[in-house]
Amino acid sequence: MHLIDRLIEQIIEKRNPTVVGLDTRLEYVPDHVVERCSGASPFEVAASAIFEFNKAIIDAVYEHIPAVKIQVAYYELYGPPGMEAFRLTAQYAKSKGLIVIGDIKRNDIGSTAEAYASAYLGETPLKNGRMPAFDLDFVTVNPYLGTDGVMPFIQACKEYNKGIFVLVKTSNPSSGEFQDLPVEGKRLYNKVAEKVVEWGKELMGTKGYSHIGAVIGATYPRQLEELRGEMPNTYFLIPGYGAQGGSVQDVMGGFDANGLGAVINASRSVICAYRRSPWKEKFSPKSFADAARAEVLHMKEEIEAALSHNGIKPW
């Protein structure tokens, strides 16, 4: 099955386009989890605690969501043990049937881009064959270096049935410094969108969407709606919901008439739910995973209600 079709089927089956972002820092992990972890160095203890925390979150939510997004920076922060926690988290999520999006935002040219693509999507050549290093399903890709920096990732998508989400209009406040610059009568993000559509034509699934998707921030709802019209066959990964300020109405422009076309990422609002109202009044730190599940279900209901309110009968 095409990977993008599998993502869509998971969304329909679970009636939920929510992606949980495992952007886990040690300070998010309750003390009782850290205290039962051991290691030869503080980095190993931290990485072990983060992995245990992630497993508990995954166990609590995997029946309700189609995918997780793992931001690699939060694992690089803890050195080699952190990267092992990244690999193990991805492996554990896949064992629960979840699609794994690696938020790596990599880009380079030539053999360097090929190495990134092989590491995260494909296989690494070894003396006695080839093996996957991280074996993710999707990764995020920065298009700033142009087509030759993206093609190795697209080639890996073709060879291994994987996918990418290309940065088009990001959720951060200063994204417009470059992304909104006028280029040939359009904004730069519109020109990037055109290339994403072009790149995606050779990797179409059977449900009308390509394996080559786009990252569009929830914090720019007008541009989100505009780009939905320009990119009818491109699946959107929409960050910025929740802790970054994006609301449920802000993400509505990313969906098509069938309630598809977009996955909405929430990170801190889910994994730190036990520290936020109203869940901190209902759940103790020892019940952090239950609080995460409660937030996922709340978000699911909120999105479904908003789609219905906007005249879309979802899934």
Exercise. Can you name the residue in segment 295-315 that is among the charged types (D, E, K, R) and not in a loop (DSSP other than H, G, I, E, B) and, of all such residues, is farthest from Val251 (Cα to Cα)?
Worked result: Glu295
Exercise. Quick one: would you say Gly240 is among the small types (Gly, Ala, Ser), touching a Ser or Thr at 6+ places or on another chain (Cβ under 9 Å) and closer than 22 Å to Ile11 by Cβ?
Worked result: yes
For this session: Out of the residues in segment 165-178 that are touching a residue at least 12 places away in the same chain (Cβ under 8 Å) and in contact with a Leu (Cβ under 8 Å, 6 or more places away or on another chain), state the one that is farthest from Ala115 (Cα to Cα).
Result: Lys169
Exercise. Among the residues of segment 92-111 satisfying the criterion of being touching an Asp or Glu at 6+ places or on another chain (Cβ under 8 Å) and farther than 15 Å from Val139 by Cα, which is surrounded by the fewest Cβ atoms within 10 Å (Cβ to Cβ)?
Worked result: Gly110
Seminar exercise, completed: Of the listed residues (Tyr189, Tyr220), the one being touching a strand residue (DSSP E or B) at 6+ places or on another chain (Cβ under 9 Å), over 21 Å from Val19 (Cα atoms) and not β-branched (Val, Ile, Thr) is Tyr189
Problem set entry | segment 143-172 - residue that is of a type in the set (S, T, N, Q) and assigned to a helix (DSSP H, G or I) and, of those, surrounded by the most Cβ atoms within 10 Å (Cβ to Cβ) | Gln155
Problem set entry | Number of positions in segment 209-231 that are touching a Cys at 6+ places or on another chain (Cβ under 8 Å) and in contact (Cβ under 8 Å) with a residue 60 or more places away in the chain | 1
Exercise. Going by the structure shown, is Gly229 more than 22 Å from Gln71 (Cα to Cα) and assigned to a loop (DSSP other than H, G, I, E, B)?
Worked result: no
Exercise. Name the helices (runs of 4 or more DSSP H) wholly within segment 33-112 that hold at least 3 residues that are under 22 Å from Phe165 (Cα atoms), modelled with pLDDT of 95 or more and in contact with a helix residue (DSSP H, G or I) (Cβ under 7 Å, 6 or more places away or on another chain)?
Worked result: 79-95
Problem set entry | Verdict on Val270 being among the β-branched types (Val, Ile, Thr), at pLDDT 95 or above and under 30 Å from Lys201 (Cα atoms) | no
Seminar exercise, completed: Counting only residues in segment 272-284 that are part of a helix (DSSP H, G or I) and touching an Asp or Glu at 6+ places or on another chain (Cβ under 7 Å), the one nearest to Ile238 (Cα to Cα) is identified as Ala273
Seminar exercise, completed: So, first residue among the polar types (S, T, N, Q) in segment 70-90, second residue part of a loop (DSSP other than H, G, I, E, B), Cβ within less than 9 Å, six or more apart or across chains; the pairs are Gln71/Leu22; Gln71/Asp23; Gln71/Thr24; Gln71/Ser267; Thr89/Leu22; Thr89/Thr24
Exercise. Within the bounds of segment 86-105, is there any residue that is more than 26 Å from Val251 (Cα to Cα) and of a type in the set (Asp, Glu)?
Worked result: no
Exercise. Can you tell me which of Thr234, Thr206 is assigned to a loop (DSSP other than H, G, I, E, B) and either without any contact (Cβ under 8 Å) to a residue 40 or more places away in the chain or touching a Ser or Thr at 6+ places or on another chain (Cβ under 7 Å) (or both)?
Worked result: Thr234
For this session: State all residues of segment 263-275 that are more than 14 Å from Arg293 (Cβ to Cβ) and either over 22 Å from the mean Cα position of the chain (by Cα) or among the aromatic types (Phe, Trp, Tyr) (or both); if no residue qualifies, say none.
Result: Arg275
Exercise. Within segment 27-57, can you find the residues that are surrounded by fewer than 16 Cβ atoms within 10 Å (Cβ to Cβ) and in contact (Cβ under 8 Å) with a residue 60 or more places away in the chain?
Worked result: Asp31, His32
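The values are calculated or read from the model by the stated rules, or taken from the named source; none is laboratory data. The model shown is predicted, which means the values in this text are computed figures rather than measured ones. All Cβ positions, glycine included, derive from the backbone under ideal geometry; neighbour counts span all protein chains shown.
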